[in-house]
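The values are calculated or read from the model by the stated rules, or taken from the named source; none is laboratory data. Here the structure is a predicted model, which means the values were calculated and not measured. FYI the Cβ positions are ideal-geometry reconstructions off the backbone, even for glycines, and counts take in every protein chain you see.
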Amino acid sequence: MMKSWLTKYLLVSVQVFSLAGPALAQTTLKYAFVNPMNSHFGAAATAFKESVEADSQRRIKIDIFPGGTLGGEREIVESLQLGTVDLAMTSTSVVGNFVPELLVFDVPFLFRDASHARHVVDGPIGQQILAKFPAKGLLGLGYGENGFRHLTNNKREVREPSQIAGLTIRTMENPIHLAAFSQLGARPTPIPWAELYTALQGGVVDGEENPLSNILTAKLFQVQKYLSLTGHVYAPTVITIAPSTWSKLSAPDKKIIKDAAAKAIVAQRQKVEELESDGVKELTKAGMVVNDVDKPRFLEVLKPAYVKFSQQFGEKTLEAIRETK
């Protein structure tokens, strides 16, 4: 009697655990970025997480690490190569140190507007550059958006290039930015994003350049007085997955990740549009002095740099970007 009861108990237990096993099997992926959670990066991460967890019925869990908790953007990209971070959304300007072809997007005054830029990065040119990622130990899933970069500083209004001369400007660790600001007469100084606010607050640098979305969400207006609407560079972002993580996913799960990346990109662009729609008004209200600039004059001063950019990326590539409709 006891033996019969025990046998039945064991059989039922095996059946229960065999049914529960797949449901309990869960993959947790780390998703990192350096901006705060209330930013356009946070909007993208939230959309990505919700999409992946819903479509996988929570078999795949996304742990979000915002605010540079896993390092600066360079460290995050290196962690993707090592496989210690699974997913990240970073600026293309930093990833360009690993995939140099990306730096073409940083050529000043290359894009007419956001629509033009999106057509380029989402089209053949952008996809050809994503195809370069695997050779560098990375896998790009698509391009998001930071928006157009503008200049801020604590010294004076900048309406023309002569007024930027002598200013110490924080830039990213990006050779195109460094070359352009040097040509304009500034003293470009690379500083990691996580250290930027403190550097501005302490006067280590006079100014910086970022999209309105970053100036707003990182509260840079608290430590900067003047905002010049240069719109000098369009700043894409890129959502990237570690190849070691990708290789472990089944074909259906890869589709779940790709679909989520597409939703994250839409969410980020929408958040940027939202932040920029009232951005100047909000920054003016916060006490910044905002001015337009003489863009033709900036283009004139940058001509020697454009010769170098043409040699680096090829005039055909630059023309193909300019002519994209």
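One line per residue, one yes/no per condition, for (1) of a type in the set (G, A, S); (2) surrounded by 17 or more Cβ atoms within 10 Å (Cβ to Cβ):
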| position | (1), (2) |
| --- | --- |
| E50 | no, no |
| A88 | yes, yes |
| S115 | yes, no |
| V120 | no, yes |
Task: Test: P188 is touching a Phe, Trp or Tyr at 6+ places or on another chain (Cβ under 7 Å) and surrounded by fewer than 23 Cβ atoms within 10 Å (Cβ to Cβ) - done: yes
Open item on the list: Condition check: among the polar types (S, T, N, Q), under 15 Å from F181 (Cβ atoms) and crowded, with 23+ Cβ neighbours inside 10 Å. Does N146 satisfy that?
Closed with: no
- [ ] Provide a single number: the residues in the range 274-294 that are surrounded by 15 or more Cβ atoms within 10 Å (Cβ to Cβ) and under 20 Å from H116 (Cα atoms).
- [x] 2
Open item on the list: Looking at A251, A218, can you tell me which residue is of a type in the set (A, V, I, L, M, F, W, C) and free of Cβ contacts under 8 Å to residues at least 60 places away in the same chain?
Closed with: A251
Task: Considering residues of the range 53-67 that are charged (D, E, K, R) and assigned to a loop (DSSP other than H, G, I, E, B) only, the residue surrounded by the most Cβ atoms within 10 Å (Cβ to Cβ) - done: R59
- [ ] Kindly check whether there is at least one residue in the range 150-173 that is out of contact with any Leu (no Cβ under 6 Å at 6 or more places or on another chain), more than 21 Å from D294 (Cα to Cα), crowded, with 19+ Cβ neighbours inside 10 Å and touching a residue at least 60 places away in the same chain (Cβ under 8 Å).
- [x] yes
- [ ] Would you confirm whether any residue within the range 243-263 is surrounded by 15 or more Cβ atoms within 10 Å (Cβ to Cβ), within 27 Å of S162 (Cβ to Cβ) and of a type outside the set (K, R)?
- [x] no
Task: In the range 26-44, residue nearest to I257 (Cα to Cα) [restricted to those that are of a type in the set (A, V, I, L, M) and either in a strand (DSSP E or B) or touching a helix residue (DSSP H, G or I) at 6+ places or on another chain (Cβ under 7 Å) (or both)] - done: L29
TODO: Please note which helices (runs of 4 or more DSSP H) are completely contained in the range 68-141 and include at least 3 residues that are touching a His at 6+ places or on another chain (Cβ under 9 Å) and at pLDDT below 95.
DONE: none
